[in-house]
Amino acid sequence: MKRFLALPILLLAVAFDAAAQVAAPTNAVIFSGDRSAILHWDPDASPNVSGYNVYRSISSGGPFVKQNTGLLTTLAFCDLNVSDGQTYYYQVTAVNMSSQTSPPSATVSTVPNPFSSDDAFLDYLQQANFGYFWYTANPNNGLVPDRMVNSTSPSACSIAAVGFGLTAIGIGIDHGWITRTQGVARVLTTLNTFLNGPQGPGTSGTIGYQGWFYHFLDLNMATRVSGSELSSIDTTLLLGGVLYARQYFNGTNANETSIRTMADTIFNRVNWTFMSQGTNAVAMGWQPTTGFSSFGNWIGYDEGMLLYLLGLGTATNPLPASSWSYWVNGYTWATYYDESFVPFAPLFGHEYSHCWVDFRHVADAYMNNENSTYFENSHRAALAQESYCIANPLGWVGYGSNVWGLTASDDPSGYEAHGAPPALNDDGTIAPTAPGGAMAFAPDISLPTLEYLYSHGRTALWTAYGFRDAFNQSVQWYDTDELGIDQGPIVIMIENYRNQNVWRLFMQNAEIQRGLQQAGFVSLPFVALTAQAQPALNSVTLTWAATTNRTYQVEYSTNLISWFTSPTGEVTATNSTASWTDTGPPGTLSVPLTDAERFYRVFQFGSP
């Protein structure tokens, strides 16, 4: 009897001892900006970890004081209670389900400071947004949550967020936030999930069907969430990231070769004939129980532009060339606030396709007829929306030149597509992703807005993953969530503004080049320039032979790699010679003769 009792006692002692061994969190990373600091760490490998605590001190030797009020369940902490110029030290501990605490992590430190430049602010903003994709993703399958609920727990996976995340990984490597080895491992894991996940017509247990993927997936199982549709547009946004990764990881080693092979297979097995039902129009979605019956077709103008270009460009079962005409047939041309463009009220429709496709110097027949490009169209849409918010016809609190940004977002009543002009569901809700996603088109209005939202709304809007989704000052409502489809366009379009690296790589894909060609896009011509420096005036005047009533656009660079569109450089010729003078802001970022070198180029709008 005594021996019988001794066995469970021994087992209990062993179990208790194992539970007590909670490993300290590893690889803590700290970075900071103006009056805030962001801390991340890697997931704990110990079993039954229920959360984490963050401790702070102003001395490396302590004492360390806990900063979070409730147990943290994600790998992130944003400290908004810091002062610039002070060194802060941080440690992280893990807590298991028995409320036992690990030893502290290695101590990390940072010194918050005011942003020394616009670039310093953009670095901080991009790194914070990158963290959403790196630290919230399931490391076992690469799936990225649609949103972080109250910054504490992830939702189901959004496959569109995965596409943005695959692109963010390359940006993170370029900036040194992760190593290339880390990026390769995560991308391999992600692509393997989508390549080998079960496909089929069933209502459960599959990741997709006919090469397409379900909009929402279980974050752990990587299979369809009940009720989710097979989404053509969300699959397209995923494919944007897949094709970007194929170009980014160009090494000859086995892992990077595998990335390219898997990307090829994932893209080429998409059955465009299935989603178009053998016509020239692509359906918005499909349900395993009701098929296409509850879905319409994609017709312009909105975020579906990339969908048609990839469908036209695939080598396996391309859409008919007439698909682009079908798409364009939905366009209208309108003028709002002195800006003429093809409208789509929520700004995301002007931004998503542009995350990957460089439309600056190409145009189809429609845009050539209007002496514009899709890049310029988005530029005008952003300018018109800022003007709408300045006019503020509905009288919402806070709207103005530094508070604008209407797009699909959460609002006090749920989730809605907000936009203007024309006004669509405008209830006073502003989403920072709208100006963030417009950075490549309209940095002169987007950057001041993002800086204003940070400096004036930091305590209500800023988190370890960047800006929260939305806010509404008229009812004093501030969202609690961050969304992957918000954070992605911000980090990507800032990168395209700063160096065009995402565009440069993505445009090397044969699929997008074929798609543009099939849609009738042509390259716009650059003109020969004469440049005259005027040192006494600290200015440079450009002159070129022109065609009367033709419109031209000036771009400039300091290194012949990163080019910037001048916001004042759109010139309509009134005779056979046109000119433009660079005197610095607002036409360019700085006065011209302060740079060691400054280069210029000018292209012509309209049919060559």
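Only one of the numbered conditions (1) touching a helix residue (DSSP H, G or I) at 6+ places or on another chain (Cβ under 8 Å); (2) over 21 Å from residue 511 (Cβ atoms) is not met by residue 198, and that is (1). If you filter segment 164-185 down to residues that are closer than 26 Å to residue 307 by Cβ and of a type outside the set (A, V, I, L, M, F, W, C), you find that the one that is surrounded by the fewest Cβ atoms within 10 Å (Cβ to Cβ) is 170. The criterion of being under 16 Å from the mean Cα position of the chain (by Cα) and assigned by TED's automatic domain parsing to the domain that holds residue 166 does not hold for residue 504. Note on segment 301-326: residues that are within 17 Å of residue 368 (Cα to Cα), in contact (Cβ under 8 Å) with a residue 60 or more places away in the chain and over 20 Å from the mean Cα position of the chain (by Cα) amount to 1. For segment 532-546, the criterion of being touching a strand residue (DSSP E or B) at 6+ places or on another chain (Cβ under 6 Å) and under 26 Å from residue 438 (Cβ atoms) is met by none of the residues. Among residues of segment 332-359 being farther than 14 Å from residue 380 by Cβ and not β-branched (Val, Ile, Thr), the one that is surrounded by the fewest Cβ atoms within 10 Å (Cβ to Cβ) is 358. Scanning segment 374-402 for residues that are free of Cβ contacts under 8 Å to residues at least 60 places away in the same chain and among the β-branched types (Val, Ile, Thr) turns up just one, 390.
Filtered by the rule that a residue be modelled with pLDDT under 95 and either in contact with a helix residue (DSSP H, G or I) (Cβ under 9 Å, 6 or more places away or on another chain) or over 30 Å from residue 439 (Cβ atoms) (or both), segment 550-563 gives 561, 562.
For segment 88-142, the candidate set comprises residues that are crowded, with 22+ Cβ neighbours inside 10 Å and of a type in the set (Val, Ile, Thr); within that set, the residue that is nearest to residue 190 (Cα to Cα) is 136.
Can you tell me which residue in segment 543-573 is surrounded by the most Cβ atoms within 10 Å (Cβ to Cβ), limited to those that are more than 27 Å from the chain's Cα centre (by Cα) and more than 21 Å from residue 376 (Cα to Cα)? Ranking the qualifying residues of segment 543-573, first place goes to 544. Considered as a group, the residues in segment 327-366 that are in contact with an Asp or Glu (Cβ under 8 Å, 6 or more places away or on another chain) and part of a helix (DSSP H, G or I) include one that is farthest from residue 500 (Cα to Cα), and that residue is 328. Within segment 441-456, is there a residue that is over 17 Å from the mean Cα position of the chain (by Cα), within 19 Å of residue 120 (Cα to Cα) and of a type in the set (Asp, Glu)? Yes, there is a match, as at least one residue in segment 441-456 is over 17 Å from the mean Cα position of the chain (by Cα), within 19 Å of residue 120 (Cα to Cα) and of a type in the set (Asp, Glu). Search segment 385-416 for residues being small (Gly, Ala, Ser) and surrounded by 22 or more Cβ atoms within 10 Å (Cβ to Cβ), and hand back the single one that is farthest from residue 604 (Cα to Cα). Here the answer is 409. Residue pairs whose Cβ atoms lie under 6 Å apart, separated by 6 or more positions or on different chains, with the first residue in segment 514-533 and aromatic (Phe, Trp, Tyr) and the second modelled with pLDDT of 95 or more and outside any strand (DSSP E or B), are 521/364.
Only residues that are part of a helix (DSSP H, G or I) and either touching a Gly at 6+ places or on another chain (Cβ under 6 Å) or among the hydroxyl-bearing types (Ser, Thr, Tyr) (or both) were counted across segment 124-166, and they come to 11. With respect to the stated conditions, residue 444 is in a helix (DSSP H, G or I), outside the structural domain of residue 590 (by TED's automatic domain parsing), farther than 29 Å from residue 39 by Cα and among the charged types (D, E, K, R). Taking the criterion of being assigned to a strand (DSSP E or B) and modelled with pLDDT under 95, the only residue of segment 53-75 that qualifies is 72. Scan segment 499-515 for residues that are crowded, with 18+ Cβ neighbours inside 10 Å and out of contact with any Asp or Glu (no Cβ under 8 Å at 6 or more places or on another chain) and jot them down. Once the filter is applied, which keeps residues that are crowded, with 18+ Cβ neighbours inside 10 Å and out of contact with any Asp or Glu (no Cβ under 8 Å at 6 or more places or on another chain), segment 499-515 yields 505, 509, 511, 512, 515. Quick one: is residue 180 basic (Lys, Arg) and under 30 Å from residue 70 (Cβ atoms)? No.
Taken over segment 371-424, the criterion of being in contact with a Leu (Cβ under 7 Å, 6 or more places away or on another chain) and in a strand (DSSP E or B) is satisfied by 417, 419.
Every residue, every condition in (1) more than 30 Å from residue 581 (Cβ to Cβ); (2) not in a loop (DSSP other than H, G, I, E, B), yes or no:
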site: 494; (1), (2): no, yes
site: 497; (1), (2): no, yes
site: 503; (1), (2): no, yes
site: 520; (1), (2): yes, no
site: 528; (1), (2): no, no
site: 533; (1), (2): no, yes
site: 552; (1), (2): no, yes
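Within the option set 121, 115, being in a helix (DSSP H, G or I), at negative phi, among the aromatic types (Phe, Trp, Tyr) and at pLDDT 95 or above holds for one residue only, 121. Scanning segment 404-455 for residues that are free of Cβ contacts under 8 Å to residues at least 24 places away in the same chain and either touching a strand residue (DSSP E or B) at 6+ places or on another chain (Cβ under 9 Å) or within 30 Å of residue 555 (Cβ to Cβ) (or both) yields a total of 3.
Annotation for segment 143-163: no member residue is hydroxyl-bearing (Ser, Thr, Tyr), outside the structural domain of residue 243 (by TED's automatic domain parsing) and surrounded by 13 or more Cβ atoms within 10 Å (Cβ to Cβ). Within segment 590-608, the residues that satisfy the criterion of being surrounded by fewer than 16 Cβ atoms within 10 Å (Cβ to Cβ) and assigned to a loop (DSSP other than H, G, I, E, B) are 590, 595, 596, 597, 607, 608. Here residue 74 clears all of (1) in the same structural domain as residue 439 (by TED's automatic domain parsing); (2) surrounded by fewer than 23 Cβ atoms within 10 Å (Cβ to Cβ) except the condition numbered (1). For beta carbons closer than 6 Å, sequence separation of 6+ or different chains, a first residue in segment 361-373 that is among the hydrophobic types (A, V, I, L, M, F, W, C) and a second that is assigned to a loop (DSSP other than H, G, I, E, B) and surrounded by 17 or more Cβ atoms within 10 Å (Cβ to Cβ), the qualifying pairs are 362/521; 363/373; 367/373. Hey, does segment 430-438 have a residue that's over 16 Å from the mean Cα position of the chain (by Cα) and at negative phi? Yes, the conditions are met somewhere in segment 430-438.
The values are calculated or read from the model by the stated rules, or taken from the named source; none is laboratory data. These numbers were taken from a predicted model, which means no experiment stands behind them. So basically every Cβ, Gly included, is an ideal-geometry build from the backbone, and we count neighbours across all protein chains shown.
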